[in-house]
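**Student:** What follows is a structure written as structure tokens; I'll ask about it next.
Here, each number is a calculation from the coordinates, and none is a lab measurement. Given the structure is predicted, the values throughout are model-derived calculations rather than measurements. With ideal geometry, Cβ positions are generated from the backbone for all residues, glycine too; neighbour counts draw on all protein chains shown.
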Amino acid sequence: MQTALLSALPLQSGVVTRQISAENPTGEKGGACLWEPNPQDPNLVHSGAATDLGRGWKVRPFIQVKAGQTVTLAEIAGPGCINQFFITSDLPQYRALVLRFYWDTEATPSVEAPIGDFFATGHDAAPHLVNSLPVTVGPHRGCNCYWQMPFRKRARITLENDGPADANVVAYRVLYKLHDVPDEAAYFHAQWRRSQTRRDYPEHVIVDGVKGQGLYVGTYLAWSAFSRGWWGEGEVKFYLDGDGEFPSMADNGTEDYFGGAWGFARSQ
């Protein structure tokens, strides 16, 4: 993926690049750093540090998302493609902050997931680094996504605080390019689900009901074991294009599916 992205750089001369953040919530040209410091303004509660510096000096670097509130992080007229998405928050419970991405005119989101799970850090009590091609999490809980997400008419990103505590600091960045999108370009989708399995039926459905053409790009799993013993021997099974009782693909075991072996028990 990284090689493909780098190889495309010489072909993007003249493409319009824009960025949405708290300092420029619309992404418009010349639209960043226009705020006047005023900590009494609920929209500028973080502007106190810039009081002596004035306009243009980190007046609105973050937003607040109160408990139960949903805010729109970005609304972009297409066609174009989101190239990078960054977000972080002071709220310890990332499971409470729910991301939703909407493409074009759809009423239901194509992406719906808590930010921790979306960025492969599903256990709030154990934050950690992530280093991969499409997703990285740097110190401390700086969440970066490099999935390429094209849209044709419109892109909209919202963040809901589904928890009981306010998120006093939410920093975010949406980097995107405006250009034509080929007819064959696929939309990005992601879904999140949670279940508590039983000993008599120890199965968790990762994804279901997907129809049409597409490319499956992977799974992130956050697992909590409520009993002793090794939890990961079950296979990941793929039922494809009308499979019935038996799947077309079955993996060796849970740790094997995620690139490990022997129960992750040996360091070498």
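**Student:** Quick one: putting +1 on the C-beta of Lys and Arg, -1 on the C-beta of Asp and Glu, what dipole do you get for region 193-268 around its Cα centre, in Debye to the nearest 20?
**Tutor:** 400 debye
**Student:** When a/c reaches 1.5 or more, the comparison of a/b and b/c decides; with that in mind, is region 16-71 rounded, prolate or oblate per its Cα gyration tensor?
**Tutor:** In terms of gyration-tensor shape, oblate.
**Student:** Further, regarding this structure: Of Val236, His204, Ala250, which is farthest towards the positive pole of region 193-268's charge dipole, taken about the Cα centre with +1 and -1 on the beta-carbons of Lys, Arg and Asp, Glu respectively?
**Tutor:** Among Val236, His204, Ala250, the one farthest towards the positive end of the dipole of region 193-268 is His204.
**Student:** Let me ask something else about it. Determine ³J(HN,Hα), in whole Hz, for all residues of region 172-186 in sequence, where each value follows from phi through the Karplus function 6.51 cos²θ - 1.76 cosθ + 1.60 and θ = phi - 60°; x replaces Gly and Pro.
**Tutor:** Values per residue, Gly and Pro as x: 8, 8, 10, 9, 8, 10, 9, 6, 5, 10, x, 4, 7, 5, 8 Hz.
**Student:** Now, a different point. Show me the ranking of peptides 7-13, 63-69, 88-94 by mean Cβ neighbours inside 10 Å, starting with the highest.
**Tutor:** 88-94, 63-69, 7-13
**Student:** With P(r) over Cα pairs in 5 Å bins from 0, in percent as the read-out, I listed [x] 1, 6, 13, 16, 19, 19, 15, 9, 3, 1, 0; [y] 1, 5, 10, 14, 16, 16, 14, 10, 7, 4, 3, 1, 0, 0; [z] 1, 6, 13, 18, 18, 15, 12, 8, 5, 3, 1, 0; which label goes with the value calculated from this structure?
**Tutor:** From the options [x] 1, 6, 13, 16, 19, 19, 15, 9, 3, 1, 0; [y] 1, 5, 10, 14, 16, 16, 14, 10, 7, 4, 3, 1, 0, 0; [z] 1, 6, 13, 18, 18, 15, 12, 8, 5, 3, 1, 0, the structure gives [y].
**Student:** Moving on to the next point. Quick check on region 142-268: what are the equivalent-ellipsoid semi-axes from the Cα gyration tensor, as sqrt(5λ), descending, whole Å?
**Tutor:** 32, 23, 16
**Student:** Compute, for the chain, the length of the dipole vector about the Cα centre, with Cβ point charges of +1 (Lys, Arg) and -1 (Asp, Glu) only. Units Debye, rounded to 20.
**Tutor:** With only Lys, Arg, Asp and Glu charged at Cβ, the dipole is about 660 debye.
**Student:** Related question: Compute the relative contact order of the chain as a whole-number percentage, counting only Cα pairs closer than 8 Å that sit 6 or more residues apart in sequence.
**Tutor:** Relative contact order comes out at 21 percent.
**Student:** For every other residue with a beta carbon closer than 13 angstrom to the beta carbon of Gly122, add +1 if it is Lys or Arg and -1 if Asp or Glu, then tell me the sum.
**Tutor:** Net charge around Gly122: +2.
**Student:** Quick one: Cα convex hull volume of region 210-251, Å³ per residue?
**Tutor:** 115 Å³
**Student:** Can you report the principal axis dimensions of region 98-165 using only the alpha carbons, biggest first, rounded to whole angstrom?
**Tutor:** Result, largest extent first: 38, 33, 13 Å.
**Student:** Shifting gears a bit: Order 231-237, 45-51, 167-173 from most to least packed using the mean count of other Cβ atoms within 10 Å.
**Tutor:** 167-173, 45-51, 231-237
**Student:** Which peptide among 113-124, 19-30 comes first, and what is the full order, when sorted by highest mean count of other Cβ atoms within 10 Å?
**Tutor:** 113-124, 19-30
**Student:** Over region 193-268, what per residue volume does the convex hull of the Cα atoms give, in whole Å³?
**Tutor:** Per-residue hull volume (Cα only) is 127 Å³.
**Student:** While we're on this one: Step through the residues of region 94-109 one at a time and calculate ³J(HN,Hα) from phi using the Karplus curve (6.51 cos²θ - 1.76 cosθ + 1.60, θ = phi - 60°), rounding each to whole Hz and writing x for Gly and Pro.
**Tutor:** Once θ is set to phi - 60°, the couplings for region 94-109 become 5, 5, 7, 9, 9, 8, 9, 10, 10, 10, 6, 9, 5, 8, 10, x Hz.
**Student:** What are the radius of gyration and Dmax of region 34-148, computed over its Cα atoms and given in Å?
**Tutor:** Just the Cα atoms of region 34-148 yield Rg and Dmax of 16.2, 45 Å.
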